[in-house]
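Worksheet for the structure shown next.
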Amino acid sequence: MNSEPIVFLHIPKTGGIAVRKALKTGFSDLHVLVHRGKARLTLTERVAGLGIEKENPLIISVIRHPVERLLSAYWYLKNGGTRHTRRDAGDAKRVFGAYKDFEDFVTNGGLQKHHNDQVHLRPQSFWMRSGKKGDKFTLPSNLKLFRYEEMNVRLALFLSKKSSKTVTFSVANATKNKQRTEITTEMRKVIEEVYSQDLEIWNAS
């Protein structure tokens, strides 16, 4: 088993449950940071709170293209969620109730209004930040990111080299009843503006 401490940062709707399942064996010093709770703390503070003896332990996480992630989050919530169902269902009504469909939500102010007040809609960069609100955004130097779209190759290979076994991922907590949704140029522009920091990080990953 790998003895190097590894911190996995689970960001909503980026395949985190599949990664956590894959990491259950082969890693003797694994720490998982989930997205529920402690939202006011930076990633640096949350890692410091784990009490890991090694300075700047390796942090790994997955980042997903903002358009695909938002679609996944939308249909996940619209279908009632699968975990914390009562809260997710309540959030779906609160966030999407005034809009007839996904396009209406994106183009008529819903996304701008709610992208910071629902856990699955928060920017991915929110969970990665090393500084406080108002500080210039920076990523922790010990954070290694993998694209969701390539995790079955790049992340699996990276973790397999650090494990006593070959790491593979199986689908977990996938969004059910996700309907085909056409993304117009206007919708894409709004989404990419709202999640501009995420898009910049994704492009650099």
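The values are calculated or read from the model by the stated rules, or taken from the named source; none is laboratory data. Here the structure is a predicted model, which means the values were calculated and not measured. Methodologically, a virtual Cβ is constructed for each residue, glycine included, from the backbone with ideal geometry; neighbour enumeration extends over all protein chains shown. Ligands, DNA and RNA are excluded from the accessible area calculation, which covers all protein heavy atoms including side chains. Shrake-Rupley method; radii C 1.70, N 1.55, O 1.52, S 1.80 Å.
Listed values, structure above:
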item: Computed lengthening from residue 152 to residue 203, 0.36 nm per intervening residue step minus Cα-Cα distance; result: 16.6 nm
item: Separation in nanometres of the label points that stand 7 Å from Cα toward Cβ, at residue 21 and residue 104; result: 3.5 nm
item: Alpha carbon convex hull of the stretch 89-139, projected area averaged over orientations, nm²; result: 4.2 nm²
item: Charged-residue dipole, Cβ positions (Lys, Arg, Asp, Glu), the chain about Cα centre, Debye nearest 20; result: 640 debye
item: Share of carbon and sulfur in the accessible heavy-atom surface of the chain [1.4 Å probe, %]; result: 47 percent
item: Length released on extending from residue 182 to residue 41, taking residue separation times 0.36 nm less the Cα-Cα span; result: 47.1 nm
item: Estimated dipole of the stretch 1-55 in Debye, rounded to 20 [Cβ of Lys and Arg +1, of Asp and Glu -1, Cα centre]; result: 440 debye
item: In Å, descending, principal axis extents of the Cα set of the stretch 17-111; result: 51, 27, 27
item: Within the chain, helix-based [θ] at 222 nm, where runs of 4 or more DSSP H residues each add -39,500 (n - 2.57), nearest 500; result: -10500 deg cm²/dmol
item: Mean separation of Cα contacts under 8 Å (6+ apart) over length of the chain, as relative contact order %; result: 31 percent
item: Point-charge dipole on Cβ atoms (K/R +1, D/E -1) for the stretch 1-107, about Cα centre, debye to 20; result: 480 debye
item: Alpha-carbon Rg/Rh ratio, for the stretch 56-173, with Rh computed the Kirkwood way; result: 1.03
item: Percent of Cα-Cα distances greater than 28 Å, calculated over the chain; result: 28 percent
item: Computed log₁₀ I(q)/I(0) - Debye formula, equal Cα scatterers, no solvent, the stretch 33-82, q 0.14, 0.28 Å⁻¹; result: -0.56, -1.09
